[in-house]
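These notes concern the structure reproduced below.
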Amino acid sequence: MTTSTQPTKSTPSTKELVDWPAIDTVLLDMDGTLLDKHFDDYFWEQFVPENYALRNNISIEAAREILMVKYQGCEGTLAWTDLDFWSSELGLDIPALKVQVGHLIQVHPYVVDFLDFCREIGKQVIMVTNAHGKTLTIKMRKTDLGGHFDRIVCSQEVGLAKENLDFWGRLQVMLGFDPARTLLCDDTEAVLRSAAAFARSSRAARARSTRASFSASRAARRAWSLSPSRSSRFERCSRISPRTACRLDR
């Protein structure tokens, strides 16, 4: 008996997805990009409300309602991820609570392969995260990813959250990257928008100083997928240049 083999759709190579010779620096977000966000979602939406309810002798539902208002009031600011702030605000030892559920911290599939690939082809690989330094310590200890980066920058070092337009100018001063030759991968739309706005202003400043016009670089058709499955892909990818934000699952 003979069997027929159905043609399979091949996965595009990285050369087809990203113009790697045009990239010097790769900036990578941590939570939701390299790491699964289940840990963070469970921690802030379930585990913290449970402990806050116990401490204040209220229902978990009531605790969650109170906390969601507090969370929303800090969104897009450094306080949003500041463990010391939340420990003081809630009367809980937030770092200790994170350690208790640290077994839930998971790296997305194929992340290490991607990081190794970037290093092998000579790219500067930098993690840029809004996560608090104490959170970073917990997660790097759990995942052993720290050694894969040339540098790790927390937003506290910069003094602003990544959602803030001025964050990117400060980061450029710190790292010296060329926006036109940098790849940014992040799962937060507001971060991609602020990075794109920075790129536009940087391009305009360069054009004025050199009296030259710069055409916007073309967006990559797709971005490098860390896995054949949708669940383990980067959620968003943006080259730091105008009009280049794209979804990886498109």
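The values are calculated or read from the model by the stated rules, or taken from the named source; none is laboratory data. Not measured: the values here are computed from a predicted model. Cβ placement follows ideal geometry from the backbone for every residue including glycine, while neighbour counts extend to all protein chains displayed.
Listed residues 120, 157; which is under 21 Å from the mean Cα position of the chain (by Cα), assigned by TED's automatic domain parsing to the domain that holds residue 183 and without any contact (Cβ under 8 Å) to a residue 24 or more places away in the chain?
Criteria check complete, one pass: 157.
For residues that are of a type in the set (Asp, Glu) and closer than 22 Å to residue 172 by Cα, scanning just region 1-43, find the one that is modelled with the lowest pLDDT.
19
Report the residue count in region 166-200 for those that are in contact (Cβ under 8 Å) with a residue 12 or more places away in the chain and more than 17 Å from residue 23 (Cα to Cα).
Counting residues in region 166-200 that are in contact (Cβ under 8 Å) with a residue 12 or more places away in the chain and more than 17 Å from residue 23 (Cα to Cα) gives 17.
Filtering region 147-164 down to residues that are assigned to a helix (DSSP H, G or I) and of a type outside the set (A, V, I, L, M), which residue is farthest from residue 125 (Cα to Cα)?
Here the residue is 156.
Looking at region 165-202 only, could you name the residues that are touching a Ser or Thr at 6+ places or on another chain (Cβ under 7 Å), not hydrophobic (A, V, I, L, M, F, W, C) and not in a helix (DSSP H, G or I)?
182, 186, 187
Residue 129 - would you say it is closer than 19 Å to residue 184 by Cβ, touching a residue at least 24 places away in the same chain (Cβ under 8 Å), outside the structural domain of residue 189 (by TED's automatic domain parsing) and surrounded by 14 or more Cβ atoms within 10 Å (Cβ to Cβ)?
Judged against the criteria, residue 129 is not a match.
Under the condition of being outside any helix (DSSP H, G or I) and charged (D, E, K, R), which residue from region 67-91 is surrounded by the fewest Cβ atoms within 10 Å (Cβ to Cβ)?
So the residue we want is 75.
Filter region 113-146 for residues that are under 26 Å from residue 82 (Cβ atoms) and in a helix (DSSP H, G or I) and give the result.
Those that are under 26 Å from residue 82 (Cβ atoms) and in a helix (DSSP H, G or I): 133, 134, 135, 136, 137, 138, 139, 140, 141, 142, 143, 146.
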